[in-house]
Amino acid sequence: MCGIAGIVSMNPHHVSAERLKQMTDAIAHRGPDGEGFWLNENKTVGLGHRRLAIIDLSETGKQPMHFPFPTGEARPDMVERGPRERARYSITYNGEIYNYLELKEELKQKGYTFFTHSDTEVILAAYDYWKEECLQQFDGMFAFAIWDDKEQTLFTARDRFGEKPFYYFFDGEQFVFASEMKALWAAGVERTIDHSMLLNYIGLGWVKNPANLSQTFYENISGLPQSHYLKLDLRNGKNEIAQYWDLDKETQSTLTKAEAAEQFQQLFNTSVTRRLRSDVETGTSLSGGLDSSSIAAIIKSQNPGSKFQVFTASFPGFEKDETAYAKQVANQFQLQHHFVTPTAETLFNDIEKLIHHQEEPFQSSSIYAQFKVYELAKQQGIKVILDGQGADETLAGYHKYIHWFLQEKMRESSVVSHELNAFANHNIPVNWSWKNKLAARFPEMAAVQLENKANKQILNNKFIANNYRKTNFNKKSIFKPTVSKLNDLLYYNTMRLGLEELLRYADRNSMAHGVEVRLPFLSHDLVQFTFSLPSHYKIQNGYTKYILRESMKQVLPSSIVYRTDKIGYEPPQQQWMQSAGFMELLQTSRQKLVSENILKKEILKQPVNAQSAHAVKNDDWRYFCAAHLL
């Protein structure tokens, strides 16, 4: 896990060690264990790297790394050693390939020799053998750039779900890329706000454009979409962007419930096992919910004698505090349990740092709990932490998925009736009316109606300045999918809008502290298997994430397995926003947006609208984040 940066240009004026260092210095937090730079002989390509040493802690694991090495030597710096054999490939890489040991053995059988113990060298050999198809072989999270000296091409790629970031600026003359935008700004790329994105954020709370996955909050900076690669040919300046992988949401499994639960557990176990591969100590977050508890239970079953460290954010006195559940799991498995208690005061002190690391707006203060958990892990000497992101989007964990499931099952009236009763018994309110039945019969029309609703939400917002709305409103950016079955919406949230924003939060929050976060629920084999299961294996008998519960019911306490409240590290944001210091910050933010002619003056007369973290009308939090973007 690291920070990467690079520059490619036919004009050597753009490529220098000094400029690369400015870029890597800006993201030094991502790699506190070292730095590295490489420029080719013509000064047309420069790669930079900040190292967080996780696999192969020796000097041979340093980057940029080159391939092949001279026979008998393990020297990542061999390119700069003079007249010897020149390496063909050079890489700067951020992430982990969890199945690198298996791939290494396979590549050895194909005649490759390895001189390091790193997964970086495996990527290089895999690219040499499979070229673009190497991406199909990787189980991992990654963003990397490989320079091919023979072909004079730069090959860049990002993992299937977008766990690792890759941003770039390309004006036809120079291609500049990095793990975070602040490195691009350090290289002189202008910081120009994309106000169509900002308008959608203020009006809808959206931090992505589902109709254009490469769009960011800055006009001249693009993000490489997840599961895509970009190939740049230096000789003609042309770049090709292609999607190399996609989820199959149509093929359905015929496994019985018992068979499905067994296979799910096998895949989940394999995913956890691979994500524990590390040359440094690992830990895991523990919220007390089903996802993080499942990870902790599997880790303990695989390492029964270990005193594994787990980390929890606690909110004493808050009605949604999950500390008691987390303690129950930690006590059952004899885990070393550490707590942190974020407060309004600590948020006030940390908010500028949090915004600096996130770079783009975020939905609420809920990510601050995660920020403090990762900070706590760092304080306890943990450099790798496992976390539960991805389970809700792939296993239908959010309560919002219930009515989409019922719409899919509408023709099975007995199923709908049974599930409505089951959810009522679990104290889960389900809005089910003639509108849902109509949406089930006419899904295309329902999608249009939802798009119209989102449009009106922006157009009817009485505090957005009229001219700002008129100038920046982009109807094409308001996109809602046609949902005829539950998998349609799960796919949309996993691959287009929803999951990637959570992955951005986790990446920035962890790397702010030099900690690597790994996500067992996002093994692509596990996700694809989950999508192959019929919807009633995801929601059944009034329970979401049903197949996960079936897989863990013999391992976890029933009080955890059959929890039906959905919280997920929710902090007391409403209370925090009512603190004197934060009220002042919010009012200052409003004034800034008014002065920029984004909001009307009338907003200054309105009392602060303090809302909970997951409230739909979280307007004042959005004003706060939007003002800090300017």
In region 411-474, the trypsin sites (Lys or Arg not before Pro) that fall in loop regions by DSSP, at most 15 other Cβ within 10 Å: Arg411, Lys462
Euclidean distance of C-alpha centroids, region 461-529 and region 128-194, integer Å: 20
For Val384, distant residues with modelled amide H under 5 Å away: Gly283, Glu516
³J(HN,Hα), Karplus 6.51/-1.76/1.60, whole Hz, each residue of region 444-456, x for Gly, Pro: 5, 5, 4, 5, 5, 4, 5, 5, 4, 5, 5, 4, 5
Packing-based order for 602-611, 34-43, using average beta carbon neighbours within 10 Å, highest first: 34-43, 602-611
In region 87-123, the trypsin sites (Lys or Arg not before Pro) that fall in loop regions by DSSP, at most 14 other Cβ within 10 Å: Lys110
In sequence order, calculated HN-Hα J values of region 265-275 (Karplus, 6.51, -1.76, 1.60; Hz; x Gly/Pro): 5, 4, 5, 5, 4, 4, 4, 5, 4, 5, 7
Rg over Rh [alpha-carbon atoms, Kirkwood Rh] for the chain: 0.96
Residue-wise HN-Hα coupling along region 146-153, computed from phi with Karplus coefficients 6.51, -1.76, 1.60 (Hz; x: Gly, Pro): 10, 8, 9, 5, 5, 8, 6, 10
Residue-averaged [θ]222 nm for the chain, counting only DSSP H segments that reach four residues, each worth -39500 (n - 2.57): -12000 deg cm²/dmol
Point-to-point label distance, His426-Arg235, nm (Cα→Cβ direction, 7 Å offset): 5.9
Computed FRET value (nearest 0.05) for Glu132 with Ala580, which takes r as the C-beta separation and R₀ as 56 Å: 0.50
Cross-link partners of Lys538 among lysines (Cα-Cα below 17 Å; sequence separation of 8 or more within a chain): Lys249, Lys257, Lys400, Lys409, Lys485, Lys553, Lys566
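Where a number appears in this text, it was derived from the coordinates with a stated rule and is not lab data. The structure displayed is predicted, hence computed values, not measured ones. A quick note on method: Cβ atoms are made from the backbone with ideal geometry, for glycine too, and the neighbour counts reach across all protein chains shown.
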